[in-house]
Amino acid sequence: MKAPDWLIRLRSWEYWPMWVLYVPVVFKHLEYSLRAGSPFFFLQVNPGMGKGFILSDPKSEQLKQLPEALRPKTILWLPDTSPEALASRLAEKGMTYPLILKPDVGFRGLKVNLIKDHSDFVAHSTEITVPYLIQEYIDLPEELGVFWYRYPNAGRGVVPSLTLKAFMEVMGDGRQTLHELIDADPRWRLQRQRLKEQFGHRWEEVLQDGERLLLEPVGNHNRGTMFVNGTHLVGPKLEARMQEITEMLPGFFFGRLDMKVRSLDDFIHGGEVKVLEVNGVGAEPTHVYHPGYSLFKAWKEMAHLWGVMAGIALVHRKNGLDFPDFSEAKARYLQYRRYKKEAL
């Protein structure tokens with residue numbers, strides 16, 4: 001007998017409300033706020049990432065600091081721009097479908113869509129009420145989330161977290177329908193309603209034996225992608241490769257890079273890479289979402305990284321960078337809240 005959806009969620013804390021992971025951060029933040037003399041120390045961790053709040057730094061601003069070879073071709077699309085203008089913009093950039101459409105300021109994977117053709121874009125364009133990014137779809141086989149930090153007075157950085165991503169994909173057996181294959185996997189089953197809307201035309205189709213079907217191309221946890229803990233694979237060569245890339249991001253000391261690569265080994269040895277996003281202080285060490293990962297261990301790692309963040313901010317202050325005052329922090333927060341309200 002299959003477990004009901006509520007029991008699947010209850011058994012795995014990765015499906016619990018987001019705030020559960022941040023329980024120790026609340027207490028650590030109080031501790032480090034007293035040490036720093038300011039509750040807004042976290043806003044001075046990455047001085048090169050603009051004037052956003054925790055999650056409100058535009059992705060476009062960070063990506064454009066990287067060489068073109070390391071980032072997807074991207075168009076910044078503003079609200080009220082006619083969809084008919086897209087064809088010429090794509091031609092200018094040498095971009096073709098499929099494309100990725102996502103808000104310039106992210107919301108944990110919300111509003112991210114794969115756009116297959118122009119009619120698909122027109123359908124989604126009605127949702128664009130804030131600046132969006134239109135990116136080429138990077139068809140490299142592996143996606144990594146690599147957390148990295150470096151103290152300002154240290155020569156080398158550290159990789160405390162490596163996440164490998166396993167996308168939702170079914171393989172036909174010549175007997176079961178698509179919806180039966182989806183229902184057979186607890187993780188995919190939790191995405192049933194969304195997948196039915198997307199694949200309704202194939203819902204009762206029997207997939208041929210050995211036929212593979214990618215259900216979700218966006219590597220986000222709340223879209224069903226499984227995050228696999230790869231931290232045990234971290235070594236000096238990976239950290240050296242990350243040092244090489246992060247040195248191209250002025251003022252970046254703490255966060256996670258989400259990247260597409262041919263393989264982890266190829267990446268480590270200098271192979272092709274496309275950086276999809278640069279995430280700052282709002283980034284999580286996503287390996288903790290590995291199925292069965294201990295919540296207590298995740299809490300310990302979150303508390304540790306919040307301490308690292310505070311340490312970096314204190315070094316910046318010692319080097320002459322002041323923490324934002326209450327009025328500046330409030331203005332940043334209200335700007336993000338307005339943006340999120342308009343976007344969602």
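Looking only at residues in the stretch 186-208 that are among the aliphatic types (A, V, I, L, M) and within 23 Å of residue 113 (Cα to Cα), which one is surrounded by the fewest Cβ atoms within 10 Å (Cβ to Cβ)? Ranking the candidates gives 190 first. Quick check on my filter: what residues within the stretch 296-314 are under 19 Å from residue 34 (Cβ atoms) and either of a type in the set (D, E, K, R) or open to solvent by 30 Å² or more (accessible area, probe 1.4 Å) (or both)? Matches in the stretch 296-314: 304, 306, 314. Take residue 237 and tell me if it is among the basic types (Lys, Arg) and in contact with a Gly (Cβ under 9 Å, 6 or more places away or on another chain). When the stated conditions are applied, residue 237 does not pass them. If you go through the stretch 277-295 and keep only what is buried (at least 19 other Cβ atoms within 10 Å of the Cβ) and either part of a loop (DSSP other than H, G, I, E, B) or modelled with pLDDT of 95 or more (or both), you end up with 280, 281, 283, 284, 285, 286, 287, 288, 289. Do we have residue 212 as surrounded by 14 or more Cβ atoms within 10 Å (Cβ to Cβ) and among the basic types (Lys, Arg) here? Judged against the criteria, residue 212 is not a match. Within the stretch 311-333, residues that are of a type in the set (S, T, N, Q) have Cβ atoms under 7 Å from residues that are open to solvent by less than 60 Å² (accessible area, probe 1.4 Å) in these pairs: 319/152, counting only partners at least 6 apart in sequence or on another chain.
Tallying residues that are open to solvent by less than 90 Å² (accessible area, probe 1.4 Å) and either under 14 Å from residue 312 (Cβ atoms) or in contact (Cβ under 8 Å) with a residue 24 or more places away in the chain (or both) within the stretch 1-36 yields 17. So, in the stretch 97-143, of the ones that are surrounded by 14 or more Cβ atoms within 10 Å (Cβ to Cβ) and of a type in the set (Gly, Ala, Ser), which residue ends up farthest from the chain's Cα centre (by Cα)? Filtering the stretch 97-143 for residues that are surrounded by 14 or more Cβ atoms within 10 Å (Cβ to Cβ) and of a type in the set (Gly, Ala, Ser), the one farthest from the chain's Cα centre (by Cα) comes out as 125. Are any residues in the stretch 154-175 in a loop (DSSP other than H, G, I, E, B), within 20 Å of residue 228 (Cα to Cα) and open to solvent by less than 40 Å² (accessible area, probe 1.4 Å), and if so, which ones? Residue satisfying the conditions is 168 alone. Go through (1) farther than 26 Å from residue 344 by Cβ; (2) open to solvent by 60 Å² or more (accessible area, probe 1.4 Å); (3) without any contact (Cβ under 8 Å) to a residue 60 or more places away in the chain for residue 78 and report which single condition fails. Every condition holds for residue 78 apart from (1).
Being under 24 Å from residue 110 (Cα atoms), surrounded by fewer than 17 Cβ atoms within 10 Å (Cβ to Cβ) and touching a residue at least 24 places away in the same chain (Cβ under 8 Å) is the filter here; which residues of the stretch 176-185 pass it? The one that is under 24 Å from residue 110 (Cα atoms), surrounded by fewer than 17 Cβ atoms within 10 Å (Cβ to Cβ) and touching a residue at least 24 places away in the same chain (Cβ under 8 Å): 183.
I want to confirm something. Restricting to the stretch 206-263 and keeping residues that are part of a loop (DSSP other than H, G, I, E, B) and among the aliphatic types (A, V, I, L, M), which single residue is nearest to residue 49 (Cα to Cα)? Taking the candidates together, the pick is 249.
Looking at the stretch 39-153, the strands (runs of 3 or more DSSP E) lying wholly inside it that each contain 3 or more residues that are closer than 30 Å to residue 311 by Cα sit at 142-149. Look at (1) closer than 30 Å to residue 125 by Cα; (2) in contact (Cβ under 8 Å) with a residue 12 or more places away in the chain; (3) not aliphatic (A, V, I, L, M) and you find that residue 338 fails only one, number (2).
Inside the stretch 220-238, residues that are open to solvent by 10 Å² or more (accessible area, probe 1.4 Å), within 19 Å of residue 272 (Cα to Cα) and under 20 Å from the mean Cα position of the chain (by Cα) make up a count of 1.
The values are calculated or read from the model by the stated rules, or taken from the named source; none is laboratory data. Just so we're clear, the structure is a prediction, and the values are computed from it rather than from any experiment. For neighbour counting, all protein chains shown are included, and Cβ atoms are generated from backbone atoms with ideal geometry for every residue, glycine included. Just the protein is used for accessible areas: all its heavy atoms, side chains included, with ligands, DNA and RNA removed. Shrake-Rupley method; radii C 1.70, N 1.55, O 1.52, S 1.80 Å.
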